[in-house]
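Report on one structure; see the data block that follows.
The values are calculated or read from the model by the stated rules, or taken from the named source; none is laboratory data. If you're wondering where the values come from, they're calculated on a predicted model, not measured in any experiment. Counting neighbours? That spans all protein chains shown, and the Cβs are built from the backbone with ideal geometry, glycine included. Remember, those area values only see protein heavy atoms, side chains included, never the ligands or the DNA or RNA. Shrake-Rupley method; radii C 1.70, N 1.55, O 1.52, S 1.80 Å.
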Amino acid sequence: MTQATIIRELLVAADERSLNAALVENQVQPDRIISVILQPGAHLAVGDHGAKYRVLYRA
């Protein structure tokens, strides 16, 4: 029997304080983080289109 791993994603503002707060709030331990990907902001877009971090982690 195989066991599936659940992968979840967080999307937070691209600064260290927001990243750390989101990890603590969602109880993500460092050994569960798969990757942290920077999504650059869109300068000519309207609304909240600043740089973001996409965090993939094992639930």
_Residues of the range 32-55 satisfying the condition of being within 11 Å of Val12 (Cα to Cα) and without any contact (Cβ under 8 Å) to a residue 24 or more places away in the chain_ = Val36, Ile37
*Which members of the range 33-59 meet the condition of being modelled with pLDDT of 95 or more and small (Gly, Ala, Ser)?*
Ser35
*Hey, could you check the range 38-57 for residues that are under 12 Å from the mean Cα position of the chain (by Cα) and surrounded by 13 or more Cβ atoms within 10 Å (Cβ to Cβ) and say which is nearest to Thr5 (Cα to Cα)?*
Tyr57
*Given the conditions (1) assigned to a loop (DSSP other than H, G, I, E, B); (2) of a type in the set (Ser, Thr, Tyr); (3) open to solvent by less than 60 Å² (accessible area, probe 1.4 Å), which single one is not true for Ser35?*
(1)
_Residue ID - modelled with the lowest pLDDT, chosen from residues in the range 1-17 that are exposed (fewer than 10 other Cβ atoms within 10 Å of the Cβ) and farther than 21 Å from Asp31 by Cα_ = Met1
